[in-house]
Amino acid sequence: MRDVRLKDIADKAGVSVSTVSRTLSGNSNRIGKQTQEKILKIASELGFAKSRTNRIKASFDEIRLATVFISDNESFLSPFFTKILEGIDQEIHKKDLDLNIEHSILTVTDEAFSSSIQDNKIDAAIILGRASLDVIEHIKSCIPVIAYAGLNSIGGMDEVLCDAGKGIEDAVCYLANLGRKKIAYIGPTDKQNIANEHRFTGYKEGLKKSTLDYEDILVEDIFLSPQEGYDGAKRLLNRAFPDAIVAANDNAALGIIRCLNEKGIKIPEEIAVTGFDNIEASAFLRPALTTFDVPKSDIGRFAAKIVIDRCLNPRKENILINIPYKLIERESTVDKEGC
């Protein structure tokens, strides 16, 4: 007779394998008392021996993993998130991973997400995007195993980050070192109810570090899209004329550069522009965009790796992986010959 697996207990109890694993390993603070008692009773009836001296490793046959977009303003259609999803897929389809992983892509506002939660169809999740603290706490209460992959830390869970706040700070310092004195910012600010968004803070820190004054008229609060970047640049130029613009990401920079080109403003002679994340299109703008390269596929790979590890090896400690970004200097800040 084969050994009793966690999946056997989970099937009989009508819960996920991760819930069984957390209960049997003592990491069950978010699991109801009745559910815990039910799992322990079934485990005993099936002859599953729980060691009280050795930490249990969960022997999953499969993991139902969801990648969940926590904002309906962001999706897999974004070139940034497409690359992260590629990295997630690379990791979960590795040939040496002796595990069946059922992977779905959901958005927290969709009915499919609600039904998956209600029907207990998600063992673990990688969350992408930016949202309010209420949304984040709701997801944490529904799914026991979570990792966040992105640019702005949430805290209280496993995270794989490329620190956009520090990146925007470095962008301001880079522009100041080029002699720019009136540096504007177009991107999300603290007016938006977003828990994991730190780029505006990075902008202000960069000004402080460069001994430049902060001015409200040099800030445009936008969502991160080319259209929003375009509209934000038009509003900014109606009231001020900076000598540099820091775009919160490359998507916004696409619209900003189009706006400057339409107005006949010379880039970088009159206004320099930087982005952040280095999507493929940034190299093909005219002028090509100076930006900071984010290893997007690596973010996805490491997020999948640590969420699978937590499923297989329940632990209380959270893991933080910080992946460095790299300056990619192009014609939008430095006049270069040739193309």
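The values are calculated or read from the model by the stated rules, or taken from the named source; none is laboratory data. In this text the structure is predicted, and so the values were computed from the model without any measurement. Quick reminder, even Gly has a Cβ in these numbers, built from the backbone with ideal geometry, and neighbours come from all protein chains shown. Quick note on the areas: whole protein, heavy atoms, side chains included, nothing else; ligands and nucleic acids left out. Shrake-Rupley method; radii C 1.70, N 1.55, O 1.52, S 1.80 Å.
Some observations on this one:
- Residue within segment 178-190 that is in a loop (DSSP other than H, G, I, E, B), open to solvent by less than 10 Å² (accessible area, probe 1.4 Å), touching a residue at least 60 places away in the same chain (Cβ under 8 Å) and farther than 16 Å from Leu218 by Cβ present: no
- Condition broken by Ile271, with the remaining ones in (1) over 18 Å from Arg130 (Cβ atoms); (2) within 27 Å of the chain's Cα centre (by Cα) satisfied: (2)
- Residue satisfying all of: in segment 13-34; under 16 Å from Asp123 (Cα atoms) and modelled with pLDDT of 80 or more; most open to solvent (accessible area, probe 1.4 Å) among these: Gly14
- A search for C-beta distances below 6 Å between a residue of segment 290-305 that is assigned to a strand (DSSP E or B) and any residue that is among the aliphatic types (A, V, I, L, M), counting only pairs 6+ apart in sequence or on different chains, returns Thr291/Ile328; Phe292/Leu327; Asp293/Ile328.
- Exclusive hit being polar (S, T, N, Q) and either under 16 Å from Ile299 (Cα atoms) or in contact with a Ser or Thr (Cβ under 9 Å, 6 or more places away or on another chain) (or both), set Gln118, Gln90: Gln90
- Residue within segment 140-163 that is modelled with pLDDT of 95 or more, in a helix (DSSP H, G or I) and under 20 Å from Ala253 (Cα atoms) present: no
- Within this structure, Lys316 passes the test of being of a type in the set (D, E, K, R), within 30 Å of Pro144 (Cα to Cα), surrounded by fewer than 22 Cβ atoms within 10 Å (Cβ to Cβ) and at pLDDT below 95.
- Pairs with Cβ under 6 Å, 6+ apart, first in segment 74-91 and under 20 Å from Thr291 (Cβ atoms) and open to solvent by 30 Å² or more (accessible area, probe 1.4 Å), second charged (D, E, K, R) and at pLDDT 95 or above: Lys83/Lys296
- Check on Ala124, hydrophobic (A, V, I, L, M, F, W, C), touching a Ser or Thr at 6+ places or on another chain (Cβ under 7 Å), open to solvent by 10 Å² or more (accessible area, probe 1.4 Å) and more than 23 Å from Ile256 (Cα to Cα): no
- Residue match in segment 50-59 (condition: outside any strand (DSSP E or B), at negative phi and modelled with pLDDT of 80 or more): no
- Every residue from segment 191-204 that is open to solvent by 20 Å² or more (accessible area, probe 1.4 Å) and either touching a residue at least 40 places away in the same chain (Cβ under 8 Å) or of a type in the set (A, V, I, L, M, F, W, C) (or both): Asn193, Ile194, Ala195, Glu197, His198
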